[in-house]
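Enquirer: Below is the structure I would like to discuss, written out as structure tokens.
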Amino acid sequence: MTGMARLRRRLVERLLAEGVLHDPHWIAAFRAVPRHAFLPRFFVPVEGGWRAVERGDPGWRERVYSTDVLVTQLNDDPGRWEKARGSGALSGTPTSSSSMPSIMAIMLEELRLDDGQRVLEIGTGTGYNAALLCHRVGAGLVSTVDIDGTLVAAARSRLAECGYAPSCATADGAEGFPAGVLYDRILCTCAVSVIPPAWLAQTVPGGMIVTTLNRPIGAGLVRIVADEGATGRGEVLARDGRFMPLRAHRRELPPPPSPDASGWRPARLPLSMVLQPQNRFEFFAGLALEGVGTIREDTAAFDPRPGVDGTTSGLVLVHPDGSWARYRETGDVREVAQGGPRALWDIVEHAYGEWCELGKPERDRFGLTLDGDRQEFWLDSPDGRRWPLR
């Protein structure tokens, strides 16, 4: 057995130990598909930004077969890697990555893919996930699309080197696949603010869509069963997963003002209860704080995905309408300041009281109803309490 094969087996053993991989078909796929073939180079976070790593560098193999997300592009600019290679490190915002294998395993299993089913992947990225799909059902049943032609060309080449030839296209993933084929399954490996109606229209009635929601607070995985036309009904899944947003679904937030010393008051809740996915209240908080995102004092976007950044220090809640809430902790003292058209922290504390009255529902008690542009969350049943999905 080669060193790479041993590393692949160890990765599978970790996924099994984490309880995210169960299906023998996907176990076989993760053991067979060489992740290193799709990650000849990537970025790693360092003080001052991102450092460029490539095949042959110390630790490259171990990073490829770790359970970490590996950033492969900054600022939508393929040239940033060469610049980082020359400068040692540079700043930038991740815009493409090879996802955490644990999240990939969860999504692939939640897709409930069977032999002979046709599947569309939205967000080709490196091509590694497409390769896993090809191993499972055969490349002739797999289509993959990405808006970035540079990424698609590189992924197509690496897939071919591994013996896979799925249908690859450069297009806006929000519109599905250009050929207009009907699919049994659609898997989106980037986050969306709403479910694109084109996906529902390109899924056979009874077929399934698995994606993640582009919600800075209360994001996560959903599975939708398509009905006729652009309609469907879905469920929020207990197993969580978070991805970078589809380019068309990115959100910009205004920088908040700084409060004066008299603007601070005690906070009943820690900000971690609102922002960290492992807290049960986080999903419900996101429903109450629709459209609210988080930025740091330096205006860099906060990434709440598990394992990426678990801190709440220096974070500000911001809404596009100009509402904001700043939070700080000093020892055991929690304080908040807020301003703008709406008092966001008052909304948080009211939502917490409502959540408790409803029995502290977790994310898997929520579902979705989709009818074209009318898309809603609901609690326990479509006739229950509802919230718009925007």
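Enquirer: Filter the range 148-195 down to residues that are touching a helix residue (DSSP H, G or I) at 6+ places or on another chain (Cβ under 7 Å), outside any loop (DSSP other than H, G, I, E, B) and charged (D, E, K, R) and give me whichever is surrounded by the most Cβ atoms within 10 Å (Cβ to Cβ).
Expert: R158
Enquirer: So, of the residues in the range 32-57 that are free of Cβ contacts under 8 Å to residues at least 60 places away in the same chain and aromatic (F, W, Y), which turns out to be surrounded by the most Cβ atoms within 10 Å (Cβ to Cβ)?
Expert: Checking each candidate, the answer is F42.
Enquirer: Does the range 10-29 contain any residue that is surrounded by fewer than 12 Cβ atoms within 10 Å (Cβ to Cβ) and under 20 Å from the mean Cα position of the chain (by Cα)?
Expert: Within the range 10-29, one or more residues are surrounded by fewer than 12 Cβ atoms within 10 Å (Cβ to Cβ) and under 20 Å from the mean Cα position of the chain (by Cα).
Enquirer: Here's another thing I want to ask about it. Got at least one residue in the range 65-84 being buried (at least 19 other Cβ atoms within 10 Å of the Cβ), touching an Asp or Glu at 6+ places or on another chain (Cβ under 9 Å) and at pLDDT below 90?
Expert: Yes, the range 65-84 contains at least one residue that is buried (at least 19 other Cβ atoms within 10 Å of the Cβ), touching an Asp or Glu at 6+ places or on another chain (Cβ under 9 Å) and at pLDDT below 90.
Enquirer: Take the range 111-132 and flag every residue that is in contact with a Ser or Thr (Cβ under 8 Å, 6 or more places away or on another chain) and not hydroxyl-bearing (S, T, Y).
Expert: Of everything in the range 111-132, those that are in contact with a Ser or Thr (Cβ under 8 Å, 6 or more places away or on another chain) and not hydroxyl-bearing (S, T, Y) turn out to be R118, V119, L120, E121, I122, G123, G125, G127, N129, A130.
Enquirer: Scan the range 120-138 and tell me whether some residue there is surrounded by fewer than 17 Cβ atoms within 10 Å (Cβ to Cβ) and either under 24 Å from G372 (Cβ atoms) or out of contact with any strand residue (DSSP E or B) (no Cβ under 7 Å at 6 or more places or on another chain) (or both).
Expert: yes
Enquirer: Looking at L70, L108, can you tell me which residue is among the hydrophobic types (A, V, I, L, M, F, W, C) and under 22 Å from A198 (Cα atoms)?
Expert: Unique residue meeting the criteria: L108.
Enquirer: Any idea which residue in the range 161-215 is nearest to D115 (Cα to Cα), counting only those that are out of contact with any Cys (no Cβ under 6 Å at 6 or more places or on another chain) and of a type in the set (S, T, Y)?
Expert: Among residues in the range 161-215 that are out of contact with any Cys (no Cβ under 6 Å at 6 or more places or on another chain) and of a type in the set (S, T, Y), the one nearest to D115 (Cα to Cα) is Y183.
Enquirer: Would you check if there is a residue in the range 14-31 being without any contact (Cβ under 8 Å) to a residue 12 or more places away in the chain and over 20 Å from G241 (Cβ atoms)?
Expert: Scanning the range 14-31, I find at least one residue that is without any contact (Cβ under 8 Å) to a residue 12 or more places away in the chain and over 20 Å from G241 (Cβ atoms), so the answer is yes.
Enquirer: F302 - would you say it is within 29 Å of T67 (Cβ to Cβ), in contact with a Lys or Arg (Cβ under 7 Å, 6 or more places away or on another chain) and at pLDDT 65 or above?
Expert: no
Enquirer: Could you tell me which of the residues R242, R185, R158, R233 is at pLDDT below 95 and not hydroxyl-bearing (S, T, Y)?
Expert: Of R242, R185, R158, R233, the one residue that is at pLDDT below 95 and not hydroxyl-bearing (S, T, Y) is R242.
The values are calculated or read from the model by the stated rules, or taken from the named source; none is laboratory data. Please read all numbers here as calculations on a predicted model, not as lab measurements. FYI the Cβ positions are ideal-geometry reconstructions off the backbone, even for glycines, and counts take in every protein chain you see.
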